[in-house]
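Chemist: Please read through the structure below; I'll follow up with questions.
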Amino acid sequence: MFLLIELYNFLNKMGILKIYERVLEREIDKGRVPKHVGIIMDGNRRTAKELKKPITYGHYLGAEKIREVLRWCINLDIKVITVYAFSMENFRRPKDEVRALMDLFKKKFIEVAEDEEIHKYKVRVRAIGRTNKLPKDVQEAIRYAEEKTKNYSNYFLNVAIAYGGQQEIVDAVKKIAKKVKNNELDIEDITEETISKHLYTSNLPHPNPDLIIRTSGEERISNFLTWQSSYSELYFCETYWPLFRKIDFLRAIRDYQRRERRFGR
């Protein structure tokens, strides 16, 4: 991977990547882009290791990359982006790393709330997950970002934090069970739509991702949008998340457009 980083830097300096970007952009049909893209941002720690930097540096680079990718999505008029920032399982990581991540989340939610581009393009920012498990200061930063963008509806940025797809379904089932118990819902009326309406993504104009991108070469969903991804197209990219390039993104969109979506038919 280190050699690939060096090669990328060389090609970038030569301007070759910009030429390739323009070629890819011409191949994209802007009338058929996915409405909702989910991203499993994998490879922060491995990037730091390759660069011989502390793990926290990899997480910092990964957080900065979100801003860049959001800009690419807006340029293609992709309406909804959901990024997998921190899973329930991630709480088991070393305490120092978790604390550093929490400090980073707090900082970034405050930054995004005050970001000029967020307000220019009217991006609504939300955290999805069991956010009550997060430190109070992180919860406050999340509320600040959500409050500052609550009236926007041009684009939607969802940050899956303290999130697990199975846990999301459990939370939905509990809400439904409570309604049944209170005679607000008949058990025979429970359908797939009922469950969908009780998920974290129920407020979105396009709650189910058309395309899920995972970086770093791993080929699994890792408990991300378990219910919503039933018919999503999956794209696996070798590049580590902090090193994710526009050409990687455009390749994913091009690949998506070349597929025939069947939705189980």
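Chemist: Greater than 30 Å separation of Cα atoms is the criterion. Which listed pairs, K65/K95; K148/K175; K49/K122; K107/K246; K175/K246; K79/K108, meet it? Don't skip to the end; give the middle numbers.
Modeler: Details: K65/K95 24 Å; K148/K175 28 Å; K49/K122 37 Å; K107/K246 25 Å; K175/K246 40 Å; K79/K108 21 Å.
Those over the limit are K49/K122; K175/K246.
Chemist: Another question, if that's okay. Grab the Cα-Cα distance for E218 and F91, subtract it from 0.36 nm times how many residues apart they are, and report the gain in nm with one decimal. Provide the component values of the computation, followed by the final result.
Modeler: On the way: separation 127, 0.36 × 127 = 45.72 nm, distance 2.05 nm.
That works out to 43.7 nm of additional length.
Chemist: Hey, another quick one. Which order do the peptides 30-38, 184-192 take when ranked by the mean count of other beta-carbon atoms within 10 Å per residue, highest first? Provide the component values of the computation, followed by the final result.
Modeler: Numbers: 30-38: 18.3, 184-192: 10.0.
Put in order of decreasing packing, that is 30-38, 184-192.
Chemist: If you roll a 1.4 Å probe over the heavy atoms of the protein chains, what accessible area per residue do you get for the chain, in Å²? It would help to have the intermediate numbers written out before the result.
Modeler: Details: 14400 Å² over 265 residues.
Per-residue accessible area for the chain comes out at 54 Å².
Chemist: Something else now. Which percent, nearest 5, of DSSP beta bridges in the chain are antiparallel?
Modeler: Values: 0 of 26 bridges.
Rounded to the nearest five, the antiparallel share is 0 percent.
Chemist: Looking at the square roots a ≥ b ≥ c of the eigenvalues of the Cα gyration tensor of segment 128-265, which shape do they give, rounded for a/c under 1.5, prolate if a/b is larger than b/c, or oblate? Display every interim value, and only then the final one.
Modeler: Numbers: a/c = 2.02, a/b = 1.34, b/c = 1.51.
Oblate, because a/c is 1.5 or more while a/b does not exceed b/c.
Chemist: Using 7 Å Cα-to-Cβ label points, what is the R254/Y121 separation (nm, one decimal)?
Modeler: 2.1 nm
Chemist: Which one, N208, N223, N75, has the greatest fluctuation when you compute a Gaussian network model over the chain with C-alpha springs under 10 angstrom?
Modeler: Largest GNM mean-square fluctuation: N75.
Chemist: A follow-up question, please. On the accessible surface of the chain, probed at 1.4 Å, how many percent belong to carbon and sulfur atoms? Before the final figure, lay out the partial values.
Modeler: Working: 7140 of 14400 Å².
After summing per-atom areas, the C and S share lands at 50 percent.
Chemist: Let me know the shape class of segment 69-108, please: from the alpha-carbon gyration tensor, a ≥ b ≥ c as square roots of the eigenvalues, rounded when a/c is under 1.5, otherwise prolate if a/b is greater than b/c, or oblate. Write down the numbers at each step before the final one.
Modeler: On the way: a/c = 4.61, a/b = 2.42, b/c = 1.91.
Here segment 69-108 falls in the prolate category.
Chemist: Oh, and also: Using a Förster radius of 41 Å, what is the FRET efficiency between E111 and I195 based on their Cβ-Cβ separation? Nearest 0.05, please. Walk me through the numbers before you get to the answer.
Modeler: Working: r = 34 Å, r/R0 = 0.84.
Here the calculated transfer efficiency is 0.75.
Chemist: For I40, what charge total do you get from the other residues with a beta carbon under 12 Å from its beta carbon, if Lys and Arg give +1 and Asp and Glu give -1? Before the final figure, lay out each step's value.
Modeler: Details: positive: R214, R220; negative: D42, E218, E219.
So the surrounding residues net to -1.
Chemist: Something else about it: Expected output is a single nm value to one decimal: the length gained when fully extending between R22 and R261, i.e. 0.36 nm times separation in residues minus the C-alpha distance. What is it? Walk me through the numbers before you get to the answer.
Modeler: On the way: separation 239, 0.36 × 239 = 86.04 nm, distance 2.64 nm.
Here the segment from R22 to R261 would lengthen by 83.4 nm.
Chemist: Compute the label zone of K175 within segment 106-142: residues whose backbone N is under 16 Å from the point 7 Å along Cα-to-Cβ.
Modeler: Residues passing the 16 Å test: 126-132.
The values are calculated or read from the model by the stated rules, or taken from the named source; none is laboratory data. Here the structure is a predicted model, which means the values were calculated and not measured. With ideal geometry, Cβ positions are generated from the backbone for all residues, glycine too; neighbour counts draw on all protein chains shown. These area figures cover heavy atoms from the full protein model, side chains too; ligands, DNA and RNA do not enter into them. Shrake-Rupley method; radii C 1.70, N 1.55, O 1.52, S 1.80 Å.
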